[in-house]
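So the structure is just underneath, and the comments pick up after that.
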Amino acid sequence: MAYDVWGVRGLFPSLGDGWIHLDAQAGMQIPDSVASTVSAAFRTSVSDPSGPYPSAQRSAGILETTRSAIADLVGGQPEGVVLGPNRATLLARLSWACTRRLGIGTEVVLSRLDDEANIAPWLQAAHLYGSYVKWAEVDIENFELPAWQYSELITEATTLVAVTAASSRLGVMPDVASISKLAHAVDAMMVVDAASLAPYRSIDIDALGADVIAVDAAGWGGPPVGALVFRDPAQLERLESLSFDPTATGVARLEVGDHQFAMLAGVVASVESLAKLGGRTTGSRRNRLVKAMGELSEFQSGLFEHLHTSLRSLPLVMVLGTDGHDGVPMLSFTVAGIPATKVTQRMADNGICALATRGGSRVLDAIGVAEIGGAVTIGLGHYTTAHEVDQLVRVIASLG
């Protein structure tokens, strides 16, 4: 079945504002089913899920179904799903809980391709406990993160490796599976940030070899809720507990404070919305997700290749990132002699949403775009059409 982008657009009421939304890095637009689910959940009473009364049972049910939905999304187990406000906060909590893995004489391997959410917590923890930090570098010629360098970076002293599954700035997808094998050979924990992968591709936590995967529901059109998924739920018992409950076990050891149950209900609706992108309503949710994301990926691959090729044909434009065949549909670009903020302003004047980066991205800083006025970063939505891509290209061409 071919991907029906026009049918999908009907699921997003916000598209009626007339704008072209190419700022997926800031979060996908929200389907009507998600918004209505959250609204309905806020209108019902919620309680501590441990109570014996109906509202408590509803809360317990929402919590259980949310863990199951996230588990289906990544091919994991509900018992290994830790929920929280966003993946940045959860990764910070994970770094606090990994004190037994960090200390003088240990090494942590980070990547400059990653978002700061999967860098800053590990830097802070390493500095606090005395671990030595090593960096995997991006090849600025092809924008890849070569996996071969990890055979030199990972040693017997390595206790943790953190890497992204897909770059939010360049769209490239590192060979996480190969890196995981090297990490596991020395018993290092493999932490994979899949926030930019989850909106576009089917995720298999076992195939990636990740010990922990981080995702953000806002990335695929859900509410602001993050999750950590542990491939082996038993690993949670080997971390320091952060819970205010001294008897907490399993995922509760990393869940601090109360859950926002209405938002969690929205997460379930958002995962169901992803599973229906392919138009299928039968079969297990996991199978529907795999098929739907496959059809989405096939459609967006051609669309993104068209965008990439069109931008590269413009004489003043330098495209930074993949053409979409070996990555997700996100990239950055610069326009010679024009700061990124002015480019995004021209785009906004023509009804197009995009993001300007003038600094703060380690990968773009490494490439050197901060010295030339920053870069414009764009990401396709589930609802982006060829007409919208062509409109973007016309606006950028007019700058020359």
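Annotations
Here's the yes/no breakdown for (1) open to solvent by less than 10 Å² (accessible area, probe 1.4 Å); (2) at pLDDT below 95:
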{"residue": "202", "(1), (2)": "no, no"}
{"residue": "206", "(1), (2)": "no, no"}
{"residue": "226", "(1), (2)": "yes, no"}
{"residue": "280", "(1), (2)": "no, yes"}
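- When 110, 102, 90 are screened for being under 16 Å from the mean Cα position of the chain (by Cα), closer than 25 Å to residue 239 by Cα and touching a residue at least 24 places away in the same chain (Cβ under 8 Å), only 90 passes.
- Count of the range 342-358 residues which are in contact with a Gly (Cβ under 7 Å, 6 or more places away or on another chain) and not in a strand (DSSP E or B): 2
- Out of 141, 152, one residue alone is surrounded by fewer than 14 Cβ atoms within 10 Å (Cβ to Cβ), at pLDDT 95 or above and farther than 23 Å from residue 204 by Cα. It is 152.
- For residue 143, the criteria (1) at positive phi; (2) touching a helix residue (DSSP H, G or I) at 6+ places or on another chain (Cβ under 6 Å); (3) hydrophobic (A, V, I, L, M, F, W, C) hold in every case but one, which is (2).
- Verdict on residue 35 being hydrophobic (A, V, I, L, M, F, W, C) and touching a strand residue (DSSP E or B) at 6+ places or on another chain (Cβ under 8 Å): no
- The residues of the range 93-139 that are farther than 26 Å from residue 331 by Cα and assigned to a loop (DSSP other than H, G, I, E, B), listed by number, are 98, 102, 103, 104, 105, 106, 130, 131.
- Selection within the range 362-394: residues that are open to solvent by 10 Å² or more (accessible area, probe 1.4 Å) and hydrophobic (A, V, I, L, M, F, W, C). The member of this set that is modelled with the lowest pLDDT is 370.
- When restricted to residues that are on the phi > 0 side of the Ramachandran plot and surrounded by fewer than 24 Cβ atoms within 10 Å (Cβ to Cβ), the range 161-187 contains 1.
- When restricted to residues that are more than 24 Å from the chain's Cα centre (by Cα) and of a type in the set (Lys, Arg), the range 333-377 contains 2.
- Selection from the range 13-63 of residues that are part of a helix (DSSP H, G or I), open to solvent by 60 Å² or more (accessible area, probe 1.4 Å), in contact with a helix residue (DSSP H, G or I) (Cβ under 7 Å, 6 or more places away or on another chain) and at pLDDT below 95: 42
- Close pairs from the range 372-400: first at positive phi, partner among the polar types (S, T, N, Q), Cβ under 8 Å, at least 6 apart: 373/334; 373/341; 374/334; 374/341; 374/357
- Scanning the range 210-224 for residues that are open to solvent by 10 Å² or more (accessible area, probe 1.4 Å) and farther than 19 Å from residue 255 by Cβ turns up just one, 219.
- In the range 304-327, the count of residues that are touching a Pro at 6+ places or on another chain (Cβ under 7 Å), assigned to a helix (DSSP H, G or I), open to solvent by less than 40 Å² (accessible area, probe 1.4 Å) and of a type outside the set (Asp, Glu) is one or more.
- Enumeration of residues in the range 313-344 that are at pLDDT 95 or above and either on the phi > 0 side of the Ramachandran plot or basic (Lys, Arg) (or both): 342
- Flag for residue 232 being open to solvent by 10 Å² or more (accessible area, probe 1.4 Å) and either of a type in the set (Val, Ile, Thr) or out of contact with any His (no Cβ under 9 Å at 6 or more places or on another chain) (or both): yes
- Residue list for the range 82-135, filter: β-branched (Val, Ile, Thr) and at pLDDT below 95: 99
The values are calculated or read from the model by the stated rules, or taken from the named source; none is laboratory data. It should be emphasised that the depicted structure is a prediction, and the values quoted were computed from it without experimental measurement. Positions of Cβ are generated from backbone atoms using ideal geometry, with glycine treated the same way; all protein chains shown enter the neighbour counts. Accessible surface is based on the protein model in full, side chains and every heavy atom, while ligands, DNA and RNA are left aside. Shrake-Rupley method; radii C 1.70, N 1.55, O 1.52, S 1.80 Å.
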